[in-house]
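Participant: First, the structure itself, so that you have it in front of you.
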Amino acid sequence: MIEEKALDDGLSLRVGSSLPVYQMTKVGDNVAELGLLGLDWESDIWRSADVMRIDRFLSESSSHRPLTELKLCYSELGIHGLFRAQDQYVQCVQTQFQDRVARDSCVEIYFMPRPGVVPEGQAHESYINLEMSGNGTLLSYHIRDSRRQGEAFKDYDALSAEEGEKIQIETTLPARVYPEIEEKIEWGLGFFLPFAVMENTFGPLSLTGDSLTSQRWRVNAFKCTEDSSHPHWSSWAQCSEFNFHCPEEFGWLTFA
C-alpha cells in the first residue's frame, strides 16, 4: 500500500520531511514475457497493483488540473507501468525520439536505483527519466547533475536510439493529436522499462548480491503539458519549486 512517512538512507532530506512510499508487487515470469501488460486498468494483471495519484499541482498551472494515476509492478525482466489520465485540452505533436515531449500532453517517471550513492565529482545520485508524450514519443536521459546549464543539464547522457527502442510504450491516443481535444477524455499509456537498459547506465543493479526485495529506490512521477491551451504541472511527490528535477524530493519505491 502507499504510505506517507519519512525514510532516511543517509540522503540529504529536509528535516521533518514526509515523503510518499509506493510498494511494487511482482508479476509472474510467464506474464512478464509480454513486456507490456496491456492498457486495461481493471484487468486481472493490474487490478491488485497499488495506485499512485499524481495530483500535486504547481501553482504555475492553469485552472485545468486533471487527475492522473499510475500503477507499477515488476518482474525479473524490468518495470511495468500503466498511466491513466482524466484529461482535457489534449495535444500531442512531438513524434521523434528525444523530442521535447513535455510540450505535449505528457506523463513522466524518474527512477533512482542507488539512493545515497553519490560518485565522486557528481552533484547527487544518478537517475533515469522517462518522459512520454500521450502519443508514445519518448525522451529519456541518464542525469548525474540536474543543475541547469543553458537549456541542458550540467551532466547527463541521452539514451541512444538503440536503448530507446528497447523501452516499450503503448497508448490509447493516436500518433498525432492536433488540433487539441477540448472535450474531456480519458487516455492511458503503458510502458515497460527493461532492467537491462538501466544496467547499461548504472551497472549491475545488485552490486552486493542482494535481491530487489531488499532495495529501496527513489522515484517521482509527473503529468504536464506546456503548449496546450491549459498548461499544467503535477507530481506524485511534492515539488517545492517549478522544477521536476529535484532528486532530494523524490519519494520512495520498494519491491514486494
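Participant: Tell me, which residue of segment 89-101 that is buried (at least 20 other Cβ atoms within 10 Å of the Cβ) and not polar (S, T, N, Q) is nearest to ALA237 (Cα to Cα)?
Facilitator: The extreme case among them is VAL101.
Participant: Next up: From the list GLU120, GLU180, which one is on the phi < 0 side of the Ramachandran plot and modelled with pLDDT of 95 or more?
Facilitator: Residue meeting the stated conditions: GLU180.
Participant: Related question: Just to verify a result, which residue in segment 168-217, among those that are part of a helix (DSSP H, G or I) and in contact with a Leu (Cβ under 9 Å, 6 or more places away or on another chain), is surrounded by the most Cβ atoms within 10 Å (Cβ to Cβ)?
Facilitator: VAL197
Participant: Follow-up question, since we're still on this one. Anything in segment 85-128 that is outside any loop (DSSP other than H, G, I, E, B), more than 22 Å from LYS71 (Cα to Cα) and more than 17 Å from the chain's Cα centre (by Cα)? List them, or say none.
Facilitator: GLN91, CYS92, listed by residue number.
Participant: Just the residues that are in contact with a Lys or Arg (Cβ under 8 Å, 6 or more places away or on another chain) and among the polar types (S, T, N, Q), please, taken from segment 25-71.
Facilitator: Within segment 25-71, THR68 is the sole residue that qualifies.
The values are calculated or read from the model by the stated rules, or taken from the named source; none is laboratory data. Being a predicted model, the structure only gives us computed values, none of them experimental. Positions of Cβ are backbone-derived with ideal geometry, glycine not excepted, and every protein chain shown enters the neighbour counts.
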